[in-house]
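Input: a single structure, listed below in structure tokens.
The values are calculated or read from the model by the stated rules, or taken from the named source; none is laboratory data. Computed from a prediction, not measured in an experiment: that's the story for all the values here. A quick note on method: Cβ atoms are made from the backbone with ideal geometry, for glycine too, and the neighbour counts reach across all protein chains shown. All accessible areas refer to the heavy atoms of the entire protein, side chains included, with ligands and DNA or RNA removed. Shrake-Rupley method; radii C 1.70, N 1.55, O 1.52, S 1.80 Å.
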Amino acid sequence: MLYFINQKGPFTEGIFGKSPSIKSCRALKKKLNCGDTVNLNEEPILVIASVLKDFLRNIQGSIFSASLYDKWLDVIDQGEEEDKITATQRLLDQLPRANVVFLRYLFAVLYNIEQHSSSNQMTAYNLSVCITPSMLCLSNSGSSENFTKQISFIQFLIENCLKIFGEDITCLFGETSVSSDNSDITDITDNSEKVAVSDKKTVRKSSLKNWAFGCISRTCKENQHPCLPPTKPKQLFGAPLEDVCDNDTLPTPILDMLYFINQKGPFTEGIFRKSPSIKSCRALKKKLNCGDTVNLNEEPILVIASVLKDFLRNIQGSIFSASLYDKWLDVIDQGNEDDKIKATQRLLDQLPRANVVFLRYLFAVLRNIEQHSSSNQMTAYNLSVCITPSILHLPNSGSSELGNFTKKISFIQFLIENCLKIFGEDITCLFGEMSVSSDNSDITDITDNSEKVAVIKEQSLESEPVRMTMFYKKGQLQYDAMTSSRMGPSTDLSTVF
């Protein structure tokens, strides 16, 4: 697998990022797990890359060894580059030899891919974002600081792998390891690690156009080789998403917020619905907008969720793009589930890459929360009611948009319930293998007036659909989501948008 990825990966757009056929990945994994003879010439390269990530993710104790986890993260805090390299090599000496052999091959592949980023759009940073959750994770590590440090560390390894592992890693797969015409794979056998290569044959590209983190839109310019993108000093809220993203990667503060919500949200009752302190929300928003360093560990999770909704709500043109607004609403009118999924994927292909990256992370979080609805009382429907006005709206549409409200909710609910088929099953690992924490101590229960919504009464959501009373600008709309016979006892709940 490493050999084939090393050959085709440098010229495969979005390698390690794009989502291949789930069915094909499961079939290949099953064959390999049973010890069957597999002809990788017949497998799409994206399938091979995805299965390799699956293998890495399931190594007991992780490829870097769980007992050394904190020490690996400390490497990035060392002083000069040489200090980091020396610290890394000391830790490598403490790993089992098999782990080090694997790491040498893996980083030889990643380095080779990064050297051709103009063809595959996968810089060292993009590769590190895609590969980190599969190889450097600790169950219940619980800190967004760790997540960004993990990415920084893996990026550092890719960019300095020749100094760390030795320049001879470039010859592990043969003297000339990539072909510039991206045609047939040549048969090369490396005796030092006994790599077996099968018959040469062109590896076909996956025809599936599922978006994944690290892939590139055909409208985007070629990437360069950036370092880990810093928070931009310009305004974070209210700008087009592409303007606040570096190299089409999410700004660190937004990624951090998503990470914390993914950790705490599943066990926070009413996440995305309960109203936090307006003052706290404004203070956090101001810090983020000014580019200040923020310790999200000190912020209540409800404040973080509210500020994220604020950010989403103020993306110019909306995360789904105003020009495609009517087409998104038409999706829910398609025939069966498969038709809706295909229509959604076609529209995702028309969005800027930064928007799709954000949507993948967002729906990974929403699905994670929905999977724990017995704890947080937020079903897919309840989440869609609370999040829809922030992510699917038409600017300056006025009260006429209220008629489409139920349709929009149905569409967002459909995305949450089918996000694995739409965005790829690997979105469940965007934040690491174990992405939720049972600690929900930072929850506060206060009032948010950011959208001038009158809160009538605070009450826990049940797992059933809710009945809501909305106040939209000066007009009031009372909308009964379901008939009273299905709702049970009368409930008056305000939903904060």
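So with the 1.4 Å probe, I'd like the accessible area per residue for the range 256-355, rounded to whole Å². Kindly include the intermediate steps, with their values, before the conclusion.
Details: 3730 Å² over 100 residues.
About 37 Å² of surface per residue is accessible.
Could you please state, rounded to a whole Å, how far the C-alpha centre of the range 56-77 is from the C-alpha centre of the range 371-392?
34
Show me the GluC sites (Glu not before Pro) within the range 31-92 that DSSP assigns to loop and that have at most 13 other Cβ atoms within 10 Å of their Cβ.
Numbers: sites: Glu42, Glu80, Glu81, Glu82; in loops: Glu80.
Passing sites in the range 31-92 are Glu80.
With all protein chains present, calculate the accessible area of Leu347 using a 1.4 Å probe and round the result to the nearest 10 Å².
Around 10 Å² of this residue is reachable by solvent.
Keeping the other protein chains in place, figure out the carbon and sulfur percent of the accessible area of the range 1-146, with a 1.4 Å probe. Show your work: numbers first, answer last.
Working: 2570 of 5800 Å².
After summing per-atom areas, the C and S share lands at 44 percent.
Sorted by mean Cβ packing within 10 Å, highest first, what order do the peptides 166-172, 315-321 take? If you can, show how the numbers build up before the last one.
Working: 166-172: 14.9, 315-321: 19.1.
Per-residue Cβ counts within 10 Å, averaged per peptide and sorted highest first, yield 315-321, 166-172.
Using a 1.4 Å probe on the protein heavy atoms only, what accessible surface does His372 show? Give it in Å² to the nearest 10.
My reading of the accessible area for His372 is about 50 Å².
When all protein chains stay in place, what accessible area (Å², nearest 10, 1.4 Å probe) is found for Glu159?
80
Using a 1.4 Å probe, what is the accessible area per residue for the range 1-55, in Å²?
Numbers: 2220 Å² over 55 residues.
Ligands and nucleic acids excluded, the result is 40 Å² per residue.
Order Phe55, Phe363 by their accessible area, 1.4 angstrom probe, all chains in place, largest first.
On the way: Phe55 110, Phe363 0 Å².
Ranking Phe55, Phe363 by accessible area, largest first, yields Phe55, Phe363.
Report, to the nearest whole %, how much of the accessible area of the range 293-365 belongs to carbon and sulfur atoms, 1.4 Å probe, protein only.
On the way: 940 of 2480 Å².
Ligands and nucleic acids excluded, carbon and sulfur reach 38 percent.
Which entries of Lys264/Lys408; Lys149/Lys327; Lys71/Lys163; Lys309/Lys407; Lys8/Lys342; Lys71/Lys274 have Cα-Cα distances beyond 31 Å here? Write down the numbers at each step before the final one.
Working: Lys264/Lys408 27 Å; Lys149/Lys327 39 Å; Lys71/Lys163 19 Å; Lys309/Lys407 20 Å; Lys8/Lys342 27 Å; Lys71/Lys274 39 Å.
Going by Cα-Cα distance, Lys149/Lys327; Lys71/Lys274 fall outside the 31 Å limit.
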